[in-house]
Amino acid sequence: MGHDLGYAALALIATTVYYIAFLVFRVSARRMEPLRGSRPFRVARLMLTDPVWLGGGLLLFLGLGYEVVAFQQMPLAVAQPIFAVSLVFLVGYAVWFLGERLSLREWASVALFVLATVLIGLSATGDGTPAAHATLAGTLESPWTMLAICAPAVIIAGLVWLVGDRRAGGRHARKLAGVAYGIGAGACAGLAEAGIRGISLVYADTGSLRAVLESAYPYLTLGLAAIALGQLQIALQRCRVAIVAVVLTVIGRSYLIVSSTVLFGEEWPRDALPFLLRAGGFVLALVALVTFPRYEEPGATAALPARAARRKGVRALP
């Protein structure tokens with residue numbers, strides 16, 4: 001019991017650090033020149049030469065690393081509600097301290113996302129053992145499975161980048177809402193986490209660093225993480241952190257579960273109640289996505305209200 005509480009506390013701290021990194025990235029985005037998805041190498045250069053962004057990246061990977069340690073020792077039914085609690089804290093901070101405003105429709109969508117996260121967690125049964133050996137053997141000889149898993153995430157991220165740039169340039173343009181960027185970045189982040197999981201499983205199966213390097217998982221992790229971080233930085237410069245973080249997290253976790261069924265042979269629950277809980281969680285997440293507005297309302301994206309900005313000596317974003 002004591003160990004379980006300890007790992008739960010570690011998971012809560014890790015997810016808190018993970019989301020603090022989003023706030024640091026937000027500060028970094030405010031300092032940068034306008035970012036364009038059509039110029040990815042310039043985006044990467046601005047990110048990697050900004051010490052504030054590098055500090056946020058360190059926090060992100062520290063939080064993610066400790067999450068991996070904690071969640072390996074915890075059932076999904078406990079881990080997912082911890083994510084939900086952390087998301088609520090982040091949204092509350094963004095609303096009260098960053099001056100972000102959410103409409104009733106957006107609050108309803110956020111609530112549906114949190115509920116979906118809890119339901120997916122409660123659907124965990126602990127049946128089956130994930131394994132990477134089948135995918136490891138076939139990755140280099142027949143890469144089509146891996147490509148089929150990666151293609152939707154990369155295509156979605158690319159479309160959001162290009163459409164976001166095109167929409168932002170018109171005379172009467174309406175900026176894409178954070179939900180669009182969150183979907184693109186979340187799908188890539190979920191695949192990057194699947195890559196991390198694949199690395200740990202391959203090493204556990206073989207005990208060989210060479211086997212890990214010969215697998216596709218390190219390159220899957222690095223490539224998809226780079227795309228996710230780039231899209232996240234663009235999103236945080238244009239949209240509200242509350243919306244981006246919620247959508248990214250839920251889409252990332254959902255994509256992780258879906259990709260794990262293919263890459264690691266994890267089965268969906270067979271018993272009626274867990275199956276209905278998981279299916280219900282995915283349905284609620286889909287309803288939340290459909291409910292979210294597609295475009296930002298004027299004035300909703302301010303990082304700080306004007307009064308708070310003057311008090312803190314920070315220039316409010318337009």
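FYI, it's all coordinate maths here, none of it is from the lab. Being a predicted model, the structure only gives us computed values, none of them experimental. Here the Cβ positions follow ideal geometry from the backbone for every residue, glycine too, while neighbour counts run over all protein chains shown.
Quickly rank 238-247, 52-61 as a protection proxy: mean count of other C-beta atoms within 10 Å, highest first. Spell out each step's value before the answer.
Numbers: 238-247: 26.1, 52-61: 17.9.
Result, highest mean first: 238-247, 52-61.
The Cβ shell under 14 Å around V118 holds other residues with a net charge of +2, Lys and Arg each +1, Asp and Glu each -1. Near I183, once Lys and Arg are set to +1 and Asp and Glu to -1 for all other residues with Cβ below 14 Å from its Cβ, the sum equals +2.
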